Amino acid sequence: MSELKELNNIKYRIAVASGKGGVGKSTVAANLALAYASEGLKVALLDADIYGPSIPILFGLEKEKPEMTSIDGKEVFLPINKFGVKILSIGFFINPDQSLIWRGPAASSILSRMINDTLWGDIDVMVIDFPPGTGDIPITLVNEAKPSTAIIVTTPQKLSVSDAQKSGLMFMHEQINVPIYGIVENMSWFTPTNHPEDRYYIFGKGGGQALACSMGTKLVAQIPIAQGLAGAADEGKLINYEQNEITLPLFRKLASEIFGSLDK
Ligand code: ADP
């Protein structure tokens, strides 16, 4: 076995996927990673969203570039440590001034390097922020990263269900065969801080449950719209999530239930 293969030991990989962008997939992925880090687990976060890598923004790492080291005569990436999470994002390899157009083979090749040519070390859980949708690139990523399980993030609009369903079906395809842990409905409702009992269903209702039923899986979490989350994320103050009394327990519960479901 090569030296790098001996050094890397990633026990579980959780794919966080969605049918389309903007539903909060990266927010869920980042919060799961933070929840695992808070449990003292060794956590990696691989941001493979070639269409809109938001992990560098969420973690305030926009100007960072991963360092390299030489192992087995090969140059390998060193993930960046932040808030107890080892992070590697496809966004680190893009000049922010350039528009992001990865052609299929280039994207597949960098994703493969991010998984295989990186010194991850000993990792209990790697959370993978998948590119939205289906197609060659997510399929290559499934084959390279071999997720232990997947969650599908959707918003409550019934219209977004068909996109999310395609993404779910990709994981369930017999040649791919990644178990789906369940559906996470994000932005389920809005509760103003001064009226904690009220729920406003701004984006409609029932999409997560409908998706779960249509795919024969469960709705495993409903995350409300949290006041201040979007702004905090844009400013790279992800740590503010840790102070959000409504969403923090939901993300921690979800993280621990997913972990509990993995074959030990
Ligand atoms: P995706 O990865 O699906 O493209 P993001 O995680 O980048 O989506 O989220 C899109 C935007 O919505 C971001 O500005 C993010 O901060 C915001 N957002 C996501 N989930 C929530 C939530 N539950 N409450 C408030 N804002 C949210």
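With the contact rule set at Cα under 8 Å and sequence spacing of 6 or more, what percent relative contact order holds for the stretch 3-262?
25
Using Cα pairs under 8 angstrom and six or more residues apart, how large is the relative contact order of the stretch 40-91, in percent?
Rounded, it is 50 percent for the stretch 40-91.
Could you give the accessible area per residue of the stretch 3-262, probe 1.4 Å, as a whole number in Å²?
Computed with neighbouring chains in place, this is 45 Å² per residue.
Determine the sum of side-chain charges near Gly206: Lys and Arg each +1, Asp and Glu each -1, restricted to other residues whose C-beta is under 14 angstrom from that of Gly206.
My count for the surroundings of Gly206 gives +2.
Please list the non-local residues whose amide H lies under 5 Å from the amide H of Lys82, H modeled 1.01 Å from N, same-chain partners needing a gap of 5 or more.
Hits under the 5 Å cutoff: Ile87.
Sorted by accessible area with a 1.4 angstrom probe, largest first, how do Asp47, Asp198, Asp263, Asp72 fall?
Asp263, Asp72, Asp198, Asp47
Can you send over the carbon and sulfur percentage of the accessible area for the chain, probe radius 1.4 Å, protein chains only?
After summing per-atom areas, the C and S share lands at 51 percent.
Can you pull the accessible area of Lys205 for me, 1.4 Å probe, Å² to the nearest 10?
130
Between Pro53, Ile90, His173, whose Cα lies farthest towards the positive end of the dipole of the chain when Lys and Arg beta carbons carry +1 and Asp and Glu beta carbons carry -1, centred on the Cα centre?
The one lying farthest along the dipole's positive direction is His173.
What does the charge add up to near Met170, with Lys and Arg as +1, Asp and Glu as -1, over the other residues with Cβ less than 14 Å from its Cβ?
-1
For Arg113, what accessible area in Å² do you get when you roll a 1.4 Å probe over the heavy atoms of the protein chains, rounding to the nearest 10?
The value for Arg113 is about 80 Å².
Which Cα, out of Leu159, Leu78, Ile10, lies furthest along the positive dipole direction of the stretch 3-262 (beta carbon charges, K/R +1, D/E -1)?
The residue sitting most towards the positive pole is Leu159.
Taking the Cα centre of each part, how many Å lie between the stretch 18-40 and the stretch 111-179?
Centre-to-centre distance over Cα atoms comes out at 13 Å.
Put Glu62, Glu174, Glu185, Glu144 in order of accessible area, largest first, 1.4 Å probe: what do you get?
In descending accessible area the options line up as Glu174, Glu62, Glu144, Glu185.
Quick one: grab the alpha carbon gyration tensor of the stretch 51-151, order the square roots of its eigenvalues as a ≥ b ≥ c, and give me rounded if a/c is under 1.5, else prolate or oblate depending on whether a/b is larger than b/c.
Because its axes are fairly even, with a/c under 1.5, the stretch 51-151 counts as rounded.
In terms of modelled amide H atoms, which long-range or inter-chain residues lie less than 5 Å from the amide H of Ser188?
Ile223, Ile225
Probe 1.4 Å, all protein chains in place: accessible area of Ile110 in Å², nearest 10?
20
Do the sum for the chain: with -39,500 (n - 2.57) for every DSSP H run of n ≥ 4, divided by all residues, what is the mean residue ellipticity at 222 nm, to the nearest 500 deg cm²/dmol?
-9500 deg cm²/dmol
From the square roots a ≥ b ≥ c of the eigenvalues of the alpha-carbon gyration tensor of the stretch 96-183, which class results: rounded (a/c under 1.5), prolate (a/b over b/c), or oblate?
Note, shape of the stretch 96-183 comes out oblate.
Set Lys and Arg Cβ to +1 and Asp and Glu Cβ to -1, take the dipole of the stretch 122-224 about its Cα centre, and tell me which of Thr140, Ile128, Trp189 lies farthest positive.
Trp189
For Asp136, Asp163, Asp49, give the ranking by accessible area with the largest first, probe 1.4 Å.
Putting Asp136, Asp163, Asp49 in descending order of accessible area: Asp136, Asp163, Asp49.
Counting only other residues whose beta carbon sits under 11 Å from that of Ala29, what net charge do I get with K and R as +1, D and E as -1?
-2
Rounded to the nearest 5, what % of the DSSP beta bridges within the chain are antiparallel ones?
Antiparallel: roughly 20 percent of the beta bridges in the chain.
Using θ = phi - 60° and the Karplus curve 6.51 cos²θ - 1.76 cosθ + 1.60, what whole-Hz ³J(HN,Hα) does each residue of the stretch 122-138 get, with Gly and Pro shown as x?
7, 10, 7, 9, 10, 9, 10, 7, 6, x, x, x, 10, x, 4, 6, x
The values are calculated or read from the model by the stated rules, or taken from the named source; none is laboratory data. All values reported here derive from a predicted model rather than from experimental measurement. Here the Cβ is made from the backbone with ideal geometry for all residues, glycine too, and neighbour counts use every protein chain on show. Please note that ligands, DNA and RNA were not included when accessible areas were found on the heavy atoms of the full protein model with its side chains. Shrake-Rupley method; radii C 1.70, N 1.55, O 1.52, S 1.80 Å.
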